[in-house]
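Following: one structure in structure tokens, then a few remarks.
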Amino acid sequence: MRFKRAEKVGDLIREEVSQILIRELKDPRIGFVTVTKVAVSDDLRVAKIYYSVFGGEREKGESYKGLESAKGYIKRELGKRIKLKYMPEITFIFDDSLEYGSHIEELLRGLKDKDEGS
């Protein structure tokens, strides 16, 4: 059993940050942001919040700026909602796995279409 608590805390943080983004933050820079995963260190001191953004490069950049400026508020809200001795330092990291998966799917579709055409 390897630090199951860190996983549970990560899941809780993911749920709460998602709710905060949907219901409370009014920053127009934060568009269609989805929290995809939260990785919490085993000592519960650091939380890496992975997110994806629907849109292009401009939306990604604006969303990142909005998330960074809201970091203090998000951390305070997490402190109220999740009872921990120490609230982890949070870092936002863009998750490009959805884009990568979509790109691979396009490539495979292109190969399939090419095969059917010959």
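For segment 33-48 versus segment 83-100, the spacing of their alpha-carbon centroids is 4 Å. Normalised by residue count, segment 1-53 yields a Cα convex hull volume of 72 Å³ per residue. Between Leu107 and Lys8, residue separation times 0.36 nm minus the direct Cα-Cα distance comes to 32.0 nm. A straight chain from Lys114 to Thr91 at 0.36 nm per residue would run longer than the Cα-Cα distance by 4.0 nm. Exceeding 28 Å between C-alpha atoms, which entries from my cross-link table qualify? They are Lys4/Lys26; Lys4/Lys85; Lys37/Lys112; Lys60/Lys83. As for pairs spanning more than 28 Å Cα to Cα, those are Lys4/Lys26; Lys37/Lys112; Lys60/Lys83. Nearest 5 is fine: what % of DSSP beta bridges in the chain come out antiparallel, could you say? Rounded to the nearest five, the antiparallel share is 55 percent. For the chain, the relative contact order is 26 percent, taking Cα pairs closer than 8 Å that sit 6 or more residues apart in sequence and dividing their mean separation by the residue count. For the chain, the spherically averaged projection of the C-alpha convex hull amounts to 9.7 nm².
All of the numbers you see were taken from the coordinates with simple rules; none came from a lab. All figures in this text were calculated on a predicted structure; none of them were measured in a lab.
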